[in-house]
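Participant: Have a look at this one.
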Amino acid sequence: MKPVFDISVLNKEQVEAVETTDGAVLVLAGAGTGKTRVLTSRIAYIVSQNLCKIGEILAVTFTNKAAREMKERALVLLSKTHTPVDGELLWIGTFHALALRMIRPFHEKFDRSRNFTIIDADDQLRLIKKIMREHEIDDKKYAPKQMAYHINRWKDQCRDKDEARKMAQRFSTEEVASKIYSQYQDALKTVDAIDFGDILKISIELFKYSPQILETYQNKFKYIMVDEYQDTNVAQYMWLRLLSMNHGNICCVGDDDQSIYSWRGADVGNILKFDRDFKNPKVVRLGQNYRSTKNIIRAASGLISNNSMRMKKEFWTDGDVGLPLIVKSLSDPISEACFIGNLIESKKRNGIKYSDMAILVRAAFQTRAFEERLLALGVPYIIIGGIKFYERKEVKDAVAYLKLTVNEDDGIAFERIVNIPKRGIGTSTINKIYAIATEENISLPMAGKKFVESNDGQTIVRLREFFEKIDRWRQIIESTNPSELMQCILNESGYIDMLNELKTIESEAKLETLNELINALKGFDSIHEFLDYISLVLDNADSVEEDRVVISTIHAAKGLEYHSVFIPGFEENILPHQKSIAEKGDIGIEEERRLCYVAITRAKKETYITLCSKRNMYGTYESMQYSQPSRFLYDIPKESLKIL
């Protein structure tokens, strides 16, 4: 007789979530409460109890890594019950992977061949650019990335090209995007492809207009399980609703307090209205935290209780009381980086691994000061959720402008930025310049100037203007401080205007990064000194050590945990971020508070909060502006804090 599933390792609430197999179940799983254990145990329990076969469970996650982990852990649990299963029959995967698996057999219904391809973001952008050229749409006025953003959001909302055109605001970028949307979909059909946004949208359309297909999958999957339900968007929500309508056996695990992805379409309302969407649901609250100390839990609970849009839940631990959250106010970002860097070194000497310490930032521009301090200390680090500061494209572009301004023969810098922003200088023109350089044995920029002298046309006019700007900047190198020169170059080159016109989350982050670069240049007496420093930084940047301090955005840190967590920039306009305050008001403040909650709950033993009394956010020439402590500091119970 095979052993029954062992529930002794689960707590009372986890057992309830695992054994409630009939109907809809919402498992509210706070940070560190064992949600993955519940999902995998539930799969093993259902199969070991012969409630269905292994291939009749649909388990949905957001990342391939999470899907692999869920599958491996479920199979290990099943092996302990001696239940023979074929892991290949498991339908565990991301929304897109599972939906693609469902729609491919029905390719003819959406006019594709059996071997249709899925294009990635780069191919999508190339196709949109091609359409814009063919229809003479100015890609400087209407950035292709912005067009792609609108199209992807419409698909996430399950809106077709006709709906998009109706809802688009007149005389706006949306209206232009809605016209491109129609042509873009036709182009995809022509090349026998779909994009990622199409996968769920097509799946939902198949379910709606071919009821027999929906019925096939409804009958196939007796149980549906969903991880991180608070992060679902409209399309994902609709897809799950349709698949579960017949039997209603859906178990969603999530935490409304960790809903931090509205900027990519996630709707916290999906989890908040679960009891209205599904008939007589069972709500199980996992409150016991297995990660953090009592002080960290008390601080996080006190903070998040100030949100009004949330489902009430208790959050507790049997663990140690632990240390209070340490709060330290510093004079400026350099002092902040020194304080945290010294703490990291001290903790390393006391036996804590570098890899068990994390600096969690709200905005990418914050990483620069920490990277430079850790490099100076010889502390290895890794960036998660981004690229090292001086390796980011926008920084390398700006530095290339500086290099060409300093050295008129720098061919690598010339080729990198001669067409950024776009000046109509394409591969054909560059090849002609290369030919001159080779024939006359001169540098690429010098060949470019010769090419300008012997040709005419609109491209030549733009190239001549480019060289004139470089020459003008070269003349003021010695009389202008490095920071002002960088500001001047970025403005006069059109680089700042290019990013401003994009009006995307990515372009705004790039603007913040460039402002921080301008701030960084204030610490150097000359451009030459800065460029020498950059060379040394890039030379020392590649550490082969596995034991490295983590520098991460808070968004990218979700789901991870560390012994010691440092949260810098605990100030108004950083955390909460100024953009969220300006654009979303109270809703934005609540999401920022959830971000803060996520940051605090990454820590197992220690949390350090730092803030600066002065900070230069915008790269201006004036002195630093005074900063105000984050309003979230006052949401945390005083007894959980220690002010240094």
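The values are calculated or read from the model by the stated rules, or taken from the named source; none is laboratory data. Everything numeric in this text was worked out from a predicted model, so none of it was measured. Neighbour counts run over all protein chains shown; Cβ positions are idealised from the backbone, glycine included. For the accessible areas, the whole protein counts, side chains as well, though only heavy atoms, and no ligand, DNA or RNA atoms are used. Shrake-Rupley method; radii C 1.70, N 1.55, O 1.52, S 1.80 Å.
Participant: Looking only at segment 173-191, how many residues end up being of a type outside the set (A, V, I, L, M, F, W, C) and over 26 Å from residue 115 (Cα atoms)?
Facilitator: 5
Participant: Of everything in segment 274-298 that's open to solvent by 50 Å² or more (accessible area, probe 1.4 Å) and assigned to a loop (DSSP other than H, G, I, E, B), which residue is nearest to residue 326 (Cα to Cα)?
Facilitator: 290
Participant: Name the residues in segment 1-36 that are modelled with pLDDT under 90 and either farther than 21 Å from residue 66 by Cα or open to solvent by 40 Å² or more (accessible area, probe 1.4 Å) (or both), would you?
Facilitator: 1, 2, 3, 4, 5, 6, 7, 8, 9, 35, listed by residue number.
Participant: Among all residue pairs at least 6 apart or on different chains, which show Cβ distances below 6 Å where the first residue, located in segment 249-265, is at positive phi and the second is aromatic (Phe, Trp, Tyr) and in a loop (DSSP other than H, G, I, E, B)?
Facilitator: Cβ pairs passing all conditions: none.
Participant: Considering every residue within segment 574-595, establish whether at least one is in contact (Cβ under 8 Å) with a residue 12 or more places away in the chain, over 30 Å from residue 522 (Cα atoms), aliphatic (A, V, I, L, M) and touching a Lys or Arg at 6+ places or on another chain (Cβ under 9 Å).
Facilitator: The answer is yes, given that some residue of segment 574-595 is in contact (Cβ under 8 Å) with a residue 12 or more places away in the chain, over 30 Å from residue 522 (Cα atoms), aliphatic (A, V, I, L, M) and touching a Lys or Arg at 6+ places or on another chain (Cβ under 9 Å).
Participant: Still on this structure: Which residue, of 27, 15, 9, is touching a residue at least 60 places away in the same chain (Cβ under 8 Å) and out of contact with any Ser or Thr (no Cβ under 8 Å at 6 or more places or on another chain)?
Facilitator: Working: 15 fails: touching a residue at least 60 places away in the same chain (Cβ under 8 Å); 9 fails: touching a residue at least 60 places away in the same chain (Cβ under 8 Å).
Exactly one of 27, 15, 9 is touching a residue at least 60 places away in the same chain (Cβ under 8 Å) and out of contact with any Ser or Thr (no Cβ under 8 Å at 6 or more places or on another chain), namely 27.
Participant: Please go through segment 126-157 and pick out each residue that is among the acidic types (Asp, Glu) and under 21 Å from the mean Cα position of the chain (by Cα). Even if it seems obvious, please write down each step before you answer.
Facilitator: Here is the first cut: in segment 126-157, the ones among the acidic types (Asp, Glu) are 134, 136, 138-139, 156.
Scanning segment 126-157 gives a single hit, 156.
The rows are residues; the columns are (1) open to solvent by 10 Å² or more (accessible area, probe 1.4 Å); (2) in contact with a helix residue (DSSP H, G or I) (Cβ under 6 Å, 6 or more places away or on another chain); (3) at pLDDT below 85.
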| residue | (1), (2), (3) |
| --- | --- |
| 41 | no, yes, no |
| 45 | yes, yes, no |
| 49 | yes, no, no |
| 55 | yes, yes, no |
| 64 | yes, no, yes |
| 68 | yes, no, no |
| 74 | no, yes, no |
| 88 | yes, no, yes |
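Participant: Right, next: Identify all residues within segment 235-255 that are in a helix (DSSP H, G or I), open to solvent by 10 Å² or more (accessible area, probe 1.4 Å) and not hydrophobic (A, V, I, L, M, F, W, C); write none if there are none.
Facilitator: Once the filter is applied, which keeps residues that are in a helix (DSSP H, G or I), open to solvent by 10 Å² or more (accessible area, probe 1.4 Å) and not hydrophobic (A, V, I, L, M, F, W, C), segment 235-255 yields 236, 237, 241.
Participant: Restricting segment 436-483 to residues that are of a type in the set (Gly, Ala, Ser) and part of a helix (DSSP H, G or I), which is farthest from residue 421 (Cα to Cα)?
Facilitator: So, considering only residues that are of a type in the set (Gly, Ala, Ser) and part of a helix (DSSP H, G or I), the one farthest from residue 421 (Cα to Cα) is 437.
Participant: Given the residues 128, 137, which is the only one that is within 22 Å of residue 190 (Cβ to Cβ) and either at pLDDT below 85 or open to solvent by less than 30 Å² (accessible area, probe 1.4 Å) (or both)?
Facilitator: That would be 128, the only listed residue that is within 22 Å of residue 190 (Cβ to Cβ) and either at pLDDT below 85 or open to solvent by less than 30 Å² (accessible area, probe 1.4 Å) (or both).
Participant: Report every pair of residues separated by at least 6 positions or lying on different chains whose Cβ atoms are under 8 Å apart, first residue within segment 129-140 and within 17 Å of residue 423 (Cα to Cα), second open to solvent by 100 Å² or more (accessible area, probe 1.4 Å) and assigned to a helix (DSSP H, G or I).
Facilitator: 139/133
Participant: Here's another thing I want to ask about it. Does segment 154-192 hold any residues that are among the aromatic types (Phe, Trp, Tyr) and assigned to a helix (DSSP H, G or I), and which are they?
Facilitator: Within segment 154-192, 154, 181, 184 qualify.
Participant: From the list 56, 88, which residue is free of Cβ contacts under 8 Å to residues at least 12 places away in the same chain and either under 17 Å from residue 220 (Cβ atoms) or among the small types (Gly, Ala, Ser) (or both)?
Facilitator: The unique qualifying residue is 88.
Participant: If you take the residues in segment 516-533 that are surrounded by 19 or more Cβ atoms within 10 Å (Cβ to Cβ) and not aliphatic (A, V, I, L, M), which one is nearest to residue 141 (Cα to Cα)? Walk me through how you get there before you give the answer.
Facilitator: Step one: of segment 516-533, the residues surrounded by 19 or more Cβ atoms within 10 Å (Cβ to Cβ) are 516-521, 527, 530.
Those left that are additionally not aliphatic (A, V, I, L, M): 516, 519, 530.
Numbers: 516: 26, 519: 29, 530: 34 Å.
Among those that are surrounded by 19 or more Cβ atoms within 10 Å (Cβ to Cβ) and not aliphatic (A, V, I, L, M), it is 516.
Participant: When segment 382-398 is examined, which residues are found to be over 16 Å from the mean Cα position of the chain (by Cα) and either polar (S, T, N, Q) or open to solvent by 10 Å² or more (accessible area, probe 1.4 Å) (or both)?
Facilitator: Result: 382, 390, 391, 393, 394, 396.
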